[in-house]
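Visitor: Below is one structure. I have some questions about it.
Taken together, the values in this text are just the output of simple stated rules run on the coordinates, not laboratory data. Keep in mind the model is a prediction, meaning the values are calculated, not measured. Counting neighbours? That spans all protein chains shown, and the Cβs are built from the backbone with ideal geometry, glycine included.
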Amino acid sequence: MAVSFRAAGLGAALLVVLAVGGCDSGGGDPVVAPTGAVETSAGVPATTAPAAGPAYTAAGLDLCARTDLKPIVELAPTVTRTDPKPPPGRPGAACLFELRTPSGHPANLRVEVSTPATADEARLLYRGTQQATGMTPAGAVTGVGEEAEAFTKRSDPGYKYAEYMVHSRAGNLVVKVWLAVGGDTYAPTSTLAEESLAILKATRAAVPTA
């Protein structure tokens, strides 16, 4: 059953992310989130010392239930499907939210947490995403871990499809948020960045230490 997250009383001004229209999306909706490298431990010496600071664990973390969609309320989306499939080949948790905007365009949000055994493995995973994302680097992001950066992409699969991804690393914790929105015009990058970063911060705070 679809779950509506339209905030009561939202005016048309709050829908500036997407132009309202009846554009037909054409072919299949793009819902495949960019992925990082699956193998994260290759090349890590067996004698690697644990990183200082807390060790995080994503065991038992339900991101479909824990992720608050308030940061994307301006989209007034309807959740059509969720997929809790975790990231492949490593300890972690994830949730893919498949959404529809009021104009009928697809929007997708994927929230992903990875907690490899060591900080060195987390660094490899973080760098692997840099190399494998297929998106355009948008620069470093401050205030969310030891290192963080963002990426963007725009495409036209029969409508304007804007993507934004931000990921961060702190110790053995890697968090990634991917937000993609379709519309008659491209969603502003600044809007996608603000919304994605808010979700990233909330997700990092929700991951417990071992």
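Visitor: Could you order peptides 144-153, 70-79, 171-180, 101-110 by the average number of other Cβ atoms within 10 Å of their residues, highest first? Let's see the in-between values first.
Guide: On the way: 144-153: 18.4, 70-79: 19.9, 171-180: 26.7, 101-110: 21.8.
Ranking, from highest mean packing down: 171-180, 101-110, 70-79, 144-153.
Visitor: What is the P(r) of segment 64-210, as percent of Cα-Cα pairs per 5 Å bin from 0?
Guide: Binned Cα distances yield the sequence 2, 10, 20, 23, 21, 14, 7, 3, 1, 0.
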